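S.K.: One structure, pasted below without further comment.
Each value in this text was obtained by applying a stated rule to the coordinates, not by laboratory testing. Bear in mind that the values here come from a model prediction, so they are computed numbers and not experimental data. As a convention, Cβ positions derive from the backbone with ideal geometry for all residues, glycine included, and neighbour counts pool all protein chains shown.
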Amino acid sequence: MSRLVGERTVRDRLGARDEGRSSWLAVHGFLRPSWWCALVGAWVLVGFSTAVRLPFQYPSEDGNFIDTIAVVSLLVPVAISAGVLAEGPRDLVRGAARSLAPGRFLRLGVHLSVTALAASGIAMISPVPAGVFIGDAVLLAALFALGDSLRGGLGGFALTGTVLVVVTAPRLVPAEFNVFYFPEHAAALAWLILATFVLIAGVFLRRPVLG
Amino acid sequence: MTLVPTRWGLAIALAIGLATAAMVGPSWAWWLGIWGTTHNVLSDSVLLAGAATSAVGAIGSSRVHRGGLAQLGRGAARSPAAVAGRAMTEIWLWIAAGYSAVYAVCLTLTGRQATVGRPEMAPWVAALALLALCLSLGWALGRRLSARIAGPLAFVGWYGALGVLESFAPQLMSAVTPIDPRFGAYDGVPAWILGVKAAWLTAATVGIVLLVSGSGRRGMAVLWLTSLLVAALVFVGPDVLEPRKGTRTQECVGSADPEVLGMVCLPRVKGFLAEQWLREQSLARGKLGALVDQDVVYVVDEPDPDALTEARQILDSRGINATLVPVSSTTCHSGQAQFDVTGWRRCQVEDAIGYRRGEGPRDFGVATPADVLTRWGFERLDLSLDGSAGPGAPILDPGTVDYTEFESAYEALSTASSVSRDAWFTRYRAQIRGGTLTAEQLAEIGS
């Protein structure tokens, strides 16, 4: 009862439901049903959003480019799946007796591969250009991980949100440079994803995402 | 005591400012110099600024509710609604600062050029009220979610909701929100309509604040009253547009003597472009000679019959008897506020040669006489030949199009004296305009 208002303990974070499970799973509790439900729900919403066309971005240009709402809505499932990146409270992470690098690899792998798989699933059943859609999803997921790792807390949203505002604002980035929206820049998008992966390898594996 | 530390406040203002600037910056040529379109594009920018605002609201709310401040608030002497309202007002002030900073920059830039009209207060107030509503919706969303999820969800939610409204119910959006694509250079939404819009947006914000802070019954009452205002706007809003005074009035600038400068008639709202029109007109006449009309007065910016009549009256009163040529804004200057140099130069060449746009694909393999003339005109006016001179520009690049047959004719066209060239243009004017020029006729240049 002597706790300060707002202070949270590890026990608070775990919640009553996880009390009986192994402490590792509980602390890194990304296998909770609520997490999976939120993630699946978010991807279903993304799937629906690919069916809507909002002619905001290049209103005068018709042709083959992915629609803005399909890309912008990727932010939600990516933010939810980035929840797995958090390793736990600061003291627990700093005081770890063993290296956390393997777990960090695993978490990053889950985050990126779940995103890639879900985006591929949607691309199979909806009319979006598949390559650029999956590429966008993976790139956003990687940027989210990078931002979270660099700035913690809201860093991932700040980074991906800024990138999305810049590429989504009408005519701000000319069509010939907008790798997020035009399938013909697939090679450039692939290089961008690769560069982000290299950055993550340098940053994420050293800087844990606390929380 | 402040809830938001200054550095966070500045970050919020910067984020909103950037989101607004990202919307208005790239389209500067469409609004700069005209008050009506400046206000319009600033209202439109609430698409991204509103998404960012609701994300800020959701994150702020999540931090307040999870960080313990909400519990502290329950022990306050004031009502929970007052506590929540105060917290949101503080965030809103930073948001308003970011949005207004960009607003002020845009108005200042337009004020330096505009020739008619004045800045208006009502669109700004209504946009700020809309941002307040975004903030309160984000606040409501962030109460039960973590900031990491609430922020993105609010951002996507607002973007998607407004996007769906704009795409599928544009009339409803114009009627009840300050985002109204119909108001622009010549027509505006009356200030009282924008006032009513600001009123319902503010009332809805208050209702949501009451609702989420435990005053459910009062909140619902306010929202019901708000819905009456919205219903009234749905019936009244779509039809109420008022013309902006003096913007459509024609003015004719320049000299009737074609040798000197030429003349152009344009609506007063575009008066600040008159000098550029005259400069370009005289340049084109000098460079293209008799290929373009010499004894006409252009009436620019998609004139309707009334505008043409008005221009004719002005010319008659000055004793000028020239042919009036209406210039289409869609093909010749893209309907922009700023002068479109490329569009107008291209239009002069293409109209003179009888190029018709949008008639389907042409075979660019082998050049036609019209291609040769167009290439010459484009080169004289420094337009690019690779198809990059505006939407639908012809590709006339010697690397793409085969000019072998006309090499000597092109050489003659380029090197002929202006007198002999003008004589040739005058002789074959009808064929050039009609697109029936033959290779033999083209070969006569310089002979």
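S.K.: Write out the cysteines belonging to the protein assembly as shown for which the nearest other cysteine Cβ is not under 4.7 Å, or none if no such cysteine exists.
M.R.: When partners are defined as cysteine Cβ atoms under 4.7 Å apart, the protein assembly as shown leaves A:CYS37, B:CYS106, B:CYS134 without one.
S.K.: Could you tell me the extents of chain B's C-alpha atoms along the three principal axes, largest first, rounded to whole Å?
M.R.: That gives 99, 52, 36 Å along the principal axes, largest extent first.
S.K.: Here's a follow-up. Restricting to the protein assembly as shown, compute how many DSSP beta bridges are antiparallel as a %, nearest 5.
M.R.: Antiparallel: roughly 50 percent of the beta bridges in the protein assembly as shown.
S.K.: Take the stretch B:117-161, drop everything but the C-alpha atoms, weight them equally and run the Debye formula without solvent; then report log10 I(q)/I(0) at 0.18, 0.25 Å⁻¹ to two decimals.
M.R.: -0.59, -0.86
S.K.: Are there any GluC sites (Glu not before Pro) in the stretch B:193-291 that are in a DSSP loop and have at most 12 other Cβ atoms within 10 Å? List them by number.
M.R.: B:GLU259
S.K.: Where does the charge balance sit around B:PRO170 when Lys and Arg score +1, Asp and Glu -1, over other residues with C-beta under 11 Å from its C-beta?
M.R.: -1
S.K.: Take the stretch B:147-186, drop everything but the C-alpha atoms, weight them equally and run the Debye formula without solvent; then report log10 I(q)/I(0) at 0.29, 0.31 Å⁻¹ to two decimals.
M.R.: -0.91, -0.97
S.K.: For the stretch B:6-130, what ratio Rg/Rh do Cα atoms give with a Kirkwood hydrodynamic radius?
M.R.: 1.09
S.K.: Sticking with this one: In peptide A:162-170, what is the residue-averaged number of other protein chain Cβ atoms found within 10 Å of each Cβ?
M.R.: Across the residues of A:162-170, the mean count of other-chain Cβ atoms within 10 Å is 6.
S.K.: Another one. Note the per residue figure in Å³ for the convex hull of the C-alpha positions in the stretch B:1-77.
M.R.: So the per-residue hull volume is 120 Å³.
S.K.: Only Cα pairs within less than 10 Å get springs; with that Gaussian network setup on chain B, which residue of B:ALA393, B:ALA49, B:ALA185 has the largest fluctuation?
M.R.: Looking only at B:ALA393, B:ALA49, B:ALA185, the largest GNM fluctuation is found for B:ALA393.
S.K.: Another question about this same structure. In whole Hz, with x marking every Gly and Pro, tabulate ³J(HN,Hα) for the stretch A:90-97 from phi via Karplus 6.51 cos²θ - 1.76 cosθ + 1.60, θ = phi - 60°.
M.R.: 3, 5, 5, 6, 5, x, 4, 6
S.K.: Another one. So what is the diffusion coefficient of the protein assembly as shown in µm² per second by Stokes-Einstein at 25 °C and 0.890 mPa s, using a Kirkwood Rh over Cα pairs?
M.R.: After rounding, the answer is 86 µm²/s.
S.K.: Considering every Cα-Cα pair within the stretch B:408-447, what fraction, in whole percent, is farther apart than 17 Å?
M.R.: Value for the stretch B:408-447 (Cα pairs over 17 Å): 23 percent.
S.K.: Now for a separate question. In angstroms, what radius of gyration and Dmax does the stretch B:247-323 have, counting Cα atoms only?
M.R.: In order Rg, Dmax, the Cα atoms of the stretch B:247-323 give 11.9, 34 Å.
S.K.: Same structure again: When you count, for each residue, the other Cβ atoms within 10 Å and take the mean per peptide, how do A:87-95, A:160-168, A:71-79 rank with the highest first?
M.R.: Peptide ranking by packing, descending: A:71-79, A:160-168, A:87-95.
S.K.: What is the pair-distance distribution P(r) of the stretch B:175-267, computed from all Cα-Cα distances in 10 Å bins starting at 0, with each bin given as a whole percent?
M.R.: Values per bin, smallest distances first: 15, 28, 20, 14, 10, 7, 4, 1.
S.K.: Semi-axes of the equivalent ellipsoid of the stretch A:32-144: what are they in whole Å, largest first, if each equals the square root of 5 times a C-alpha gyration tensor eigenvalue?
M.R.: For the stretch A:32-144, the semi-axes come out at 33, 13, 12 Å.
S.K.: Are there any chymotrypsin sites (Phe, Trp or Tyr not before Pro) in the stretch A:121-211 that are in a DSSP loop and have at most 15 other Cβ atoms within 10 Å? List them by number.
M.R.: Sparse-neighbourhood loop chymotrypsin sites (Phe, Trp or Tyr not before Pro): none present.
S.K.: Helix by helix, which DSSP H runs in chain B go 20 Å or more along their axis at the Cα atoms and have an average Kyte-Doolittle hydropathy of -1.0 or more?
M.R.: Span-like helices here: B:6-24, B:46-66, B:80-111, B:122-141, B:147-168, B:191-212, B:216-236, B:274-288.
S.K.: How charged is the neighbourhood of A:GLY152? Take every other residue with its Cβ under 12 Å from the Cβ of A:GLY152, and add Lys/Arg as +1 and Asp/Glu as -1.
M.R.: That works out to +2.
S.K.: Let me ask something else. Pull up the cross-link candidates among the lysines for B:LYS245, meaning alpha carbon to alpha carbon under 20 Å and not fewer than 8 places away within one chain.
M.R.: B:LYS270
S.K.: Using DSSP to define loop residues, name the trypsin sites (Lys or Arg not before Pro) in the stretch B:109-172 whose beta-carbon has at most 15 other beta-carbon atoms within 10 Å.
M.R.: B:ARG112, B:ARG144
S.K.: Using only C-alpha atoms and all pairs of different ones, pull out the Kirkwood radius for the stretch A:108-211 in Å with one decimal.
M.R.: That comes to 14.3 Å for the stretch A:108-211.
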